[in-house]
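Worksheet: one structure, shown below.
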Ligand SMILES: CC(C)(COP(=O)(O)OP(=O)(O)OC[C@H]1O[C@@H](n2cnc3c(N)ncnc32)[C@H](O)[C@@H]1OP(=O)(O)O)[C@@H](O)C(=O)NCCC(=O)NCCS
C-alpha cells in the first residue's frame, strides 16, 4: 500500500544513500540511465536534496544546485511509477522551492509534456533560456532544444 507523502521518510543525507538504488529509481521512473559516479558528483555538489523512502525503499528523489543567493536550479526530480500520482513529486518540488527561498530566481526545465506539473508552483516559461547540451542532437530529438 502506498502511503501518504507525510507518512514517508524524508531525508537529505547522502551518508545513508544506496547509489545503485538511486540509479535504479531514475531508470524506472523513467528519467534516464544515470551513471553512479556522476550521481555521486552532482548530488554532493547540490546544496539541497531530498530522498523519500517508503518502508526503507527509495521511492523518490530530487535536488537543487544553488549558488547560495542568486540562482537555484531544480533537477533530477523523479518518483517510482508505483508511487506516482500520490502527491510525492509535488512535495519534493515544494520542498526544493522552499529550500531555495531567498534566491533571486529558481529555474528548471521540464521533460517535454511535464510543464503543467511545474506551473502549479508558479514556474513560467523562460523566453530567452538557451543551453549547450553535451549531445545537442539528442536534446533536439528529445524536445529539450529547438533547432536553429
Ligand atoms: C513528474 C513526476 C515527478 C510527478 O510526480 P508525482 O508524484 O507523480 O506527481 P504528484 O502526485 O505529486 O502530482 C501532484 C499534482 O501534479 C499533477 N501532475 C502530475 N503529473 C503531471 C503532469 N505530467 N502534467 C500536469 N500535472 C501533473 C497531478 O495531477 C497533481 O495535481 P493535484 O495536486 O492538483 O491533484 C513523476 O510522475 C515522475 O517521476 N515522472 C517520471 C520522471 C519525470 O518525468 N520527472 C520530471 C522531470 S521534469
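Every read-out reported here was derived from the displayed coordinates using simple, explicitly stated rules and does not represent laboratory data. Not measured: the values here are computed from a predicted model. Glycine also receives a Cβ, built like all others from the backbone with ideal geometry; neighbour counts cover every protein chain displayed.
Overview of values
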| quantity | calculated |
| --- | --- |
| Test: residue in the stretch 94-114 that is under 16 Å from the mean Cα position of the chain (by Cα), more than 16 Å from the ligand (Cβ to nearest atom), surrounded by fewer than 18 Cβ atoms within 10 Å (Cβ to Cβ) and on the phi < 0 side of the Ramachandran plot | no |
| Entirely in the stretch 35-88, the strands (runs of 3 or more DSSP E) that have 1 or more residues that are more than 10 Å from the ligand (Cβ to nearest atom), surrounded by 15 or more Cβ atoms within 10 Å (Cβ to Cβ) and touching a residue at least 40 places away in the same chain (Cβ under 8 Å) | 48-54, 57-66 |
| Any chance residue 31 is surrounded by 13 or more Cβ atoms within 10 Å (Cβ to Cβ) and in a loop (DSSP other than H, G, I, E, B) | yes |
| Tabulated pairs, the stretch 126-142, first at negative phi, second part of a helix (DSSP H, G or I), C-beta under 8 angstrom, 6+ apart or interchain | 131/139; 133/139 |
